[in-house]
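Peer 1: Before we start, here is the structure in question, set down as structure tokens.
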Amino acid sequence: MTPRATSVQRASSASSTLSTGSNSEERPIRVHVLQAKIDSGTIDELYALIDSETGRFLQLELCADPSDADIVITNVRMRKRLERHMDWTLARQKAIVTPEWLRDSIQQKRFLACGDYAALSELREETAANCPDCKMQLTSCHCVSSSSTNVKSSADPATHLITSTKVLSNYAARYACQRASPLVCPNQTLCAELNILRLHRELEGKAINALGYERAIAILKAYPYVITPENFESEVARLPYLGEKIRSKINEFIKFGFVEESQTIRMSERFQSLNLFTTIYGIGPSKARDLYSIGIRTIEDMLRYFDVPLGPDGRPIAEEQIILTPNKRRVPPKTRLPDISIKAALALREDLEKKIPRSEVEEMHSVVMAELEQLHPGCMSTIVGGYRRGKLDSNDVDIVISSFSQNSGGDHIKGLCGKLVRKLYDRGLVTNVMHLSGFHAHNALKTTHWDSLEKALTVFVLPPVDGKARIRRRLDLIFASPEAYWTAVVGWTGSRMFERDLRLWAKVEKGMKFDSSGMTRRHDSKLFVPKSEKDVFDMLDLEWIDPTLRNANL
Ligand code: ATP
Ligand code: MG
Ligand code: MN
């Protein structure tokens, strides 16, 4: 097995075993100290720390060669400088941290998340993804108990499970749900180039071509080695979903380090405009093309076209804020919660385009669960979506909620989603609702288990701090009946391609129907009720894959 495959395997298994340093069966974390720019006194200090009692308790081991290390400690902050000492491709496969990581870890007697100590900002994502122990922080399920709202259980069942070596070496499998796909892969730049082509096809309404690129990206995301001319010939070219056209793009990338068509598309005004328009909630590719065809190019053009009022500072005002009485007091609509029109979405764009750091995701979760606790004590919840897959910055927050209290059938939580949203709105925490569905949403075709999920897609804002308003955020709440909790957790953890293939796998290979709302056998509609996330995988006859290895999209 190559070094990369070993590192993926250990990184994912580390989640359950390395955090306390108490498991003597695990090999130690290997640390290399890059001596350039560190004075000799500090080097002595770092070596002494590694050799200290706590250092040994944490199972740290010095290694002389950076290519053998899990973690590289350095004071170097610039790519150019780092490249004098280690190959950039290698650097992207390691966690590259400052000496503070070691000092703080030793002091706190636990491994701290490497992403918070990245030495090079350019390598922050890679450092976080390659952190041997970060998975503990990355896959937390927050269980709110009735007695203490703020007690978060760090016991995500997922953190006790190990992604098997079988999955890690199964990178040529046809379904994304059979492969381990890290957040950042060894061929991330190539995937980003192909993603431009995918996005371009999608914006131009060529859905089938776009899906072809999406599948190609997904298979490359799981490929554990840097692609070279040698392995391209011997292996990569034979991977599924890499047709002739895509192979030629990969070849181009190997030769030049970029794909010419991707570069051309990036520069095109039409691509830039369409891409910009679709960042606005409610505008899809088709509407974006319509707007472009009538001459709209920029956000300013859009603000004029949709007649969005501007405030005295020239910034757009959200619709919801402009319901004013003669004495300029805001009057919230009583009868219905304000939904989101394109006009409102445009005014909210400045906020909604900003990414949400992990700490704020957790803060939002706590606030929401504290409000829910007052309505219905003892609910259980998991933050899902990109956050659970380890993303450092998310576009929105997704939370799956249920209550496992005495009376079964989920009756006791029917309507809770709507009640919570109303409460959050009244408290000024939810400002808009784009979609609210109940357990009894009409579904004549019975395409989903229509009585097991309630959803609210909202705009949320945390209470102000020191009188300063917070950034408005997208928040998705998914209420599941107890029977549907674990399928909802799996279905909303993503990524999109992982989910698509999970449904396909269930249907084609197992004669099952899977979606967030439940799992049934196709021939007799027998309902399967998983008791854990692992149960979902077992019932579908799939190997367990850690949430942080479900990043089958870019
Ligand atoms: P980010 O939010 O940072 O862009 P994400 O992966 O969390 O990344 P979301 O759009 O929030 O993206 O979706 C999270 C996951 O939930 C997706 O992977 C998708 O599988 C699932 N999902 C999203 N919307 C729906 C929906 N309406 N119905 C069912 N599942 C959905
Ligand atoms: Mg999300
Ligand atoms: Mn979402």
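The values are calculated or read from the model by the stated rules, or taken from the named source; none is laboratory data. What you see is a predicted model, and the numbers here were worked out from it, not measured in a lab. In this analysis, Cβ positions are derived from the backbone assuming ideal geometry, glycine residues included, and neighbour counts consider all displayed protein chains. Protein only, heavy atoms only, side chains kept; ligands, DNA and RNA dropped before computing areas. Shrake-Rupley method; radii C 1.70, N 1.55, O 1.52, S 1.80 Å.
Peer 1: With charges set only on the Cβ (+1 for Lys and Arg, -1 for Asp and Glu), what does the dipole of the range 457-519 come to about its Cα centre, in debye to the nearest 20?
Peer 2: The calculation lands at about 280 debye.
Peer 1: Still on this model: With the cut-off at 24 Å, tell me which of the pairs 37/80; 80/391; 391/534 have Cα atoms farther apart than that.
Peer 2: As for pairs spanning more than 24 Å Cα to Cα, those are 80/391.
Peer 1: Continuing with the same structure: Over the range 176-267, average the accessible area per residue using a 1.4 Å probe and give it in Å², no decimals.
Peer 2: Per residue, the range 176-267 has 41 Å² of solvent-accessible surface.
Peer 1: On a 26 Å Cα-Cα criterion, which of the cross-link pairs 287/354; 249/355; 455/531; 245/513 come out too long?
Peer 2: 249/355; 245/513
Peer 1: Oh, and also: Whole-Hz ³J(HN,Hα) for each residue in the range 358-368, computed from phi via Karplus 6.51 cos²θ - 1.76 cosθ + 1.60 with θ = phi - 60°, x for glycine and proline: what do you get?
Peer 2: The phi angles translate into 4, 4, 6, 4, 5, 5, 4, 4, 4, 5, 4 Hz.
Peer 1: While we're here: Protein chains only, probe 1.4 Å: how do 372, 49 rank by accessible area, largest first?
Peer 2: From most accessible down to least: 49, 372.
Peer 1: Further question: If you plug each phi of the range 462-471 into the Karplus form 6.51 cos²θ - 1.76 cosθ + 1.60 with θ = phi - 60°, what whole-Hz ³J(HN,Hα) values come out, in order, with x for Gly and Pro?
Peer 2: Whole-Hz 3J(HN,Hα) from phi for the range 462-471: 5, x, x, 10, 6, x, 9, 5, 8, 6.
Peer 1: Given H placed on each backbone N at 1.01 Å, which residues far from residue 434 in sequence or on other chains put an amide H within less than 5 Å of it?
Peer 2: Sorted by chain and number, the residues that satisfy this are 457, 458, 459.
Peer 1: Now for a different question. Residues with amide H under 5 Å of residue 181's amide H, sequence separation 5 or more or different chain, H placed in the peptide plane at 1.01 Å from N; which?
Peer 2: For residue 181, whose amide H was placed from the backbone, the distant partners under 5 Å are 550, 551.
Peer 1: Using a 1.4 angstrom probe and counting only protein chains, how large is the accessible area of residue 283 in Å², to 10?
Peer 2: 10
Peer 1: Something else: List the trypsin sites (Lys or Arg not before Pro) within the range 42-106 that DSSP assigns to loop and that have no more than 10 neighbouring Cβ atoms inside 10 Å.
Peer 2: Passing both the DSSP loop test and the Cβ count: 84.
Peer 1: May I ask you to give the percent of accessible area on the range 44-83 that is carbon plus sulfur, with a probe radius of 1.4 Å?
Peer 2: Solvent-exposed carbon and sulfur of the range 44-83 make up 49 percent of the total.
Peer 1: Turning to a different aspect of this structure: Can you run phi through the Karplus equation (6.51, -1.76, 1.60; θ = phi - 60°) for the range 373-385 and list ³J(HN,Hα) in whole Hz, with x for Gly and Pro?
Peer 2: Those phi angles translate into 4, 6, 7, 8, x, x, 6, 10, 8, 9, 6, 10, x Hz.
Peer 1: What residues have an amide H closer than 5 Å to that of residue 62, excluding those fewer than 5 places away on the same chain, when H is modeled at 1.01 Å from N in the peptide plane?
Peer 2: 31
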